[in-house]
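Each remark here refers to the structure printed beneath this line.
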Amino acid sequence: MRSHLVAEGVRLKDVHPQLGTGDAEEWLRTLHADVVAAAGRIIKRKGYTNWALGLAVNAIVKIIIRDERHILPLSVPAKGRYGITQDVHLSLPAMLGSDGVQELVQVCVIATNTCVP
């Protein structure tokens with residue numbers, strides 16, 4: 001599945017052709033450990049990490065109150081999408097307004113070459 005990951009239109013496999021080999025797996029484990037440790041380093045340097053959360057909540061509340069209908073990555077029910085049959089939530093692009101999530105933005109899944117609303 002990692003071979004189908006895309007960021008900014010670039011496949012991870014194109015950036016890291018060794019994906020799936022032992023070297024690539026070790027690199028991914030190291031990257032994961034670095035990301036997990038980053039929060040601890042930020043807290044050690046700054047003493048807190050709550051500013052981003054507060055700013056995000058502030059922006060979301062303004063969008064709802066003003067019915068601005070912005071598209072944001074929000075945790076929404078995923079059952080019935082992408083072949084998911086269980087009650088789970090995924091972070092998907094969704095239009096947010098005064099009535100909550102107005103609609104989900106269509107996302108194309110490269111692995112299956114299909115688009116899901």
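The values are calculated or read from the model by the stated rules, or taken from the named source; none is laboratory data. Because the structure is predicted, anything quoted here is derived from the model rather than measured. Quick reminder, even Gly has a Cβ in these numbers, built from the backbone with ideal geometry, and neighbours come from all protein chains shown.
If you go through the stretch 31-49 and pick out every residue that is within 30 Å of L104 (Cα to Cα) and surrounded by 10 or more Cβ atoms within 10 Å (Cβ to Cβ), you end up with 2. Within the stretch 94-117, restricting attention to residues that are at pLDDT 65 or above and not in a strand (DSSP E or B), the residue that is farthest from R69 (Cα to Cα) is I110.
Counting the residues of the stretch 1-59 that are among the aromatic types (F, W, Y) and modelled with pLDDT under 70 gives 1. Taking (1) out of contact with any helix residue (DSSP H, G or I) (no Cβ under 8 Å at 6 or more places or on another chain); (2) over 23 Å from R11 (Cβ atoms) in turn, L72 satisfies each apart from (1).
Looking across A33, A59, one residue alone is assigned to a helix (DSSP H, G or I), under 19 Å from the mean Cα position of the chain (by Cα) and closer than 30 Å to V101 by Cα. It is A59. Of all residues in the stretch 58-72, those satisfying the criterion of being loosely packed, with under 11 Cβ neighbours inside 10 Å and among the hydrophobic types (A, V, I, L, M, F, W, C) are V61, I65.
Residue count for the stretch 74-93 satisfying the condition of being hydroxyl-bearing (S, T, Y), assigned to a loop (DSSP other than H, G, I, E, B) and modelled with pLDDT of 80 or more: 1.
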